[in-house]
């Protein structure tokens, strides 16, 4: 069979022949393993209603902030990419026009993971063998559009084709989980589970925080105007999420700050943030305290806790006003973990039955803070390279900077963290290849023997995620 | 032809044979391209008056802070290297003695870019085939000295021999540009352009700030005792610099702080800093505001803006008192960009016709802050690895840590940033080789196809600098 | 001879064949050189009384915080590893049980330096050829235990077998150095020297600071209730340490802060910290001032000064209360050097006869701060990759991020920094191999010629440590 140049069988393996051969052997052992996707943002409606994806632009371009931020950085207005404006102002609606504009800028992605992911999807899902350029844009559009109409390209068929054993979506604490209920009612057996994301009711600076609290009370029947009622609402809601398969909660905070206030202090703080508007210091302290409260609840109900700190959201004021959240203007900032996590760790860090998974957008913390912390505290594990670092170089740096102090067994496998469904196999494939490349380097330099590397490759691909996220 | 061991034809290419072959093929395509040097510190007098360089020590040792800081770090007094003292105290004046002292310490530069640069100059300009050691110091001195007397070693001849298409010098806003005028009058057609560097009149802590403002008024005919007159003086002076070819301004600040004050606030601040001495906070705020003012002027007059933050100047107090500025005691510090640039970006970050080029001495910002910012804001581009990072490892880290998020097309090619004229071809050659090595790595690991890499190599070497700096 | 798979002769050398061959040639030149261990924590009693090590667990597991922190991070209680509790509570005392628990968790160390070190000791000291697993744990225990009873496994015999030319231990300023006296009295000629570590009397937050001052006065006959008496006590004690071979002092501070107070300010500060308790600010300022005082004394008595900043000690409160210091809960923090060291450097940074060796746990400082500082100030040198970074990747990053700015000659060779005696040859071997691998990379990419690399390999292995630590 001729090799498809978009997906060379040796891609991402080390160039040196002997090391490459080791990487290949390792990869052969794990390439077939099912996908565990314990942290991501796919839309449960896809699996609930199993409707066809509408067109190539809507599938690949419009919802992907990796794509539109890059085009925007080179002067392409978001309107031309069909991104909806908050004011309802006119934007491009012709998917073929959006696709062609995308094709004209495809060269911008040279050397980026987006290029790897999309080439993988083009090649493996749509039998495309050529690099997208303006000249073939129409033809490739037609090819993809035609396939998307076929039953085998519906979400559930792709889910099975992708060999997904379990996938977690992420829902707000206020989400009724109706789509998850619809999946259950449908009788389809694909394992799609939810994740408890309470930011809208734990962050006093979240849009609509006060009305969110009211809604939180309605949903749970708890009196969320009192501290104890509010905590009970969380307990109930976590149970509700667990009944839809949730094994984890997720917390996206600007910093990793935690606090451990007395009951009286916490109660008084809660009353203050319930008054509008909370001061910046109170808002931060409340978020900090809520991480600790969530950890205490995890000790009881067993939900794995994920902390995703360090992104300054909506940095671009004008864009935020015109287009809203998640439009590519989230910028990482320096993140301290050593002091920030101490209150939480003083309380629960020594609990071997608790799992707190730490992520970072600040790679300087890998070797300096995160690996030493996870290499010591029983409750801590390290999440994989995240967001801007979910890439070949980013994952290599993650392994190079954490392994020697934390080892492999304080890490938790890969997260695709994506809303781009078709990129999921590509993302997991990249992660598997990078891990095999890294392990092959250890074997080739005699830091690890090949037999052990086989077991490790399986652990990094499958076993560690299964264990850390309680997916068995 | 026998290979000169000082400049092995495969230097800086990856050791692995297959990848090296790719790097070689890429390099062959771009090695002949002319040099664009859009940011540097060569002396316009060289090109204006075209006098012979006096001797090897004065050419290579005395003005090069990379060299004398290393010798100083190992206990060699600056006086012995002929560095002039502020108090006029006696220093070594015999260039041969300086050269011999330099030769005795040449081993200190093993593994450094200085070694690469000088070996390149020794080999390609002076036909030297041996490593400098005390034993051959006299002989090599004579060889170089003899050549320097020849007409083909005069500045203009070297400029042409170096295949320089355009070079930018950097002049203070107060500089009369008389040497640039002399170049123009001479009829010589080499393209030597100036750059607008206003630190002496935008930084209230600059030596002589208040008298600088007076002089600024005299030069422009503007009333620089008022805020609007002061801004007008900048506008006029920028036009004057543009008339000598300037396409860019350059700003060397201790931090990347920007501000966006109201007119009234800015006016009041200007009046305060005009009083001596400005408080540290006012001085910082004024520098911050002036970055924004310069950006607003750039929107009108089209000058590209370069921000070079993060150096603590003159860290060594005793040395500064004895020898003055730029004596190798500038030390990088942590630099924040995310908060610091926000006021500027809120105002002009979305302007696709504005180009602001960001540099850093704090590599932790590459992946965390700079690539995400430049990968989003239309007005931002990333300058190349700078100063301490203008080296093989430094440039590799730059590409590894910025490409996956910002791509290649949000970068602007290479800057040599040097006052060491003879090192210019070497520095550009190192940059080209590193880029070819990096691209070859992408090709060898099937992250990029070789055809695309050819185009990219040309873009990184020539096209991106031409476009970003408006050099067409 | 069959290769022992635990110690492949090419381990840690680059995978690429040509570069590997260079690394091998370099290593062959330096493998036989004696060990200089100028900074470490071995127990002088071993050499004084030359008693047999009791058993494998007590030798390898119980005292090694790299080992027990990793097992603890995966839920193994420290009690089960035989770590003594402060309250005298019961802990495992059967060394074979501890060893078996260790064997069950040996896979956690895959990819870590601990694995390299112990495999090296197992192979070279105990002729073990197989990876430790639960199944062979008993057999390997017996093998090691049997050898430990032999005379050739006593400390002095091992010292000679390890080819140690000189080793420094570290003693508190209050230590009577009785074991060093016993070594001297014994007539054994192994060179075991002490190091002056005054933290217990320079850090007002050290346990027992006030009584330590009293004891300090008793030991020296100085009036340590006055500033000048206190300083004199240091001077006397440093002389005493010098009489037991000390060539260096060592300072472990939470930050790198230094100060240069007037005599009156320092005197007043001393009086304040003598009152209990000192404020946090005073404690920090006193530590900062004492670094400068130590540097001034070094100018007189010639002791080399080592600064080890940046560890937040005893981060895990519960563990600290149960088990005390040094139980694996020390976590690195961000460390500033540029501002922190300025007061010290303003005073003594330009002294070519003073040597101050800087260490870091914050790798972001390598390229940004430490290499530029050491590449300028005559008094500064860079210590090797430390603690969490004493590993293949850590040492590579050290060379990659410091060499181009500071060169090799502002570094000081390797420190093993260990209390694990049997790991010393392994640690030095790893360092030598990494340096040879790094140099081989420079040679293979034609950044250095092989002849020079031979000399450099010797310098990095032996000459630089000998010179920097005054060990000739």
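Of all DSSP beta bridges located in chain A, what percent are antiparallel, nearest 5?
On the way: 2 of 21 bridges.
Of the beta bridges lying entirely in chain A, close to 10 percent run antiparallel.
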### Query
Given label points at 7 Å from Cα along Cα→Cβ, what nm distances, shortest first, separate residue C:280 from the same residue in every other copy?
2.1, 2.1
### Query
Over the range A:54-153, what is the relative contact order in whole percent, taking alpha-carbon pairs under 8 Å and six or more residues apart?
29
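Let me have the relative contact order for the range A:251-298, percent, based on Cα pairs under 8 Å that are six or more residues apart. All intermediate terms of the calculation are to be shown ahead of the outcome.
Values: 34 pairs, mean separation 25.0, N = 48.
Relative contact order comes out at 52 percent.
Does the range A:54-153 classify as rounded, prolate or oblate by the C-alpha gyration tensor (a ≥ b ≥ c root eigenvalues; a/c under 1.5 gives rounded; else a/b over b/c gives prolate, otherwise oblate)? Each step should come with its number before you reach the end.
Numbers: a/c = 1.85, a/b = 1.29, b/c = 1.44.
Oblate, since a/c reaches 1.5 and b/c is not below a/b.
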### Query
Which order do A:422, A:274 fall in if you start with the one that has the fewest other Cβ atoms within 10 Å?
A:274, A:422
## Note on the structure
With the label set 7 Å along Cα→Cβ, residue C:49 is separated from its counterparts in the other copies, in nm and shortest first, by 8.0, 8.0
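Among A:39, C:253, C:65, which comes first, then next, by fewest other beta-carbon atoms within 10 Å?
Working: A:39 28, C:253 22, C:65 18.
The order, fewest Cβ neighbours first, is C:65, C:253, A:39.
Counting other C-beta atoms within 10 Å, which of A:312, B:401 has the fewest, and how do the rest follow? Write out the running numbers ahead of the final one.
Numbers: A:312 17, B:401 23.
Least to most surrounded, the residues fall as A:312, B:401.
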### Computed [θ] at 222 nm, helices only, for chain B once each DSSP H run of length n ≥ 4 contributes -39500 (n - 2.57)
-14000 deg cm²/dmol
### Contact order relative to length of chain A, as percent, for alpha carbon pairs under 8 angstrom and 6 or more apart
20
#### Entry: For residue A:133, label point 7 Å along C-beta direction: distances to other copies, nm
5.4, 5.4
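No lab work stands behind these numbers, since they all come straight from the coordinates. Quantities reported herein were computed from a predicted structural model and do not represent experimental measurements. Methodologically, a virtual Cβ is constructed for each residue, glycine included, from the backbone with ideal geometry; neighbour enumeration extends over all protein chains shown.
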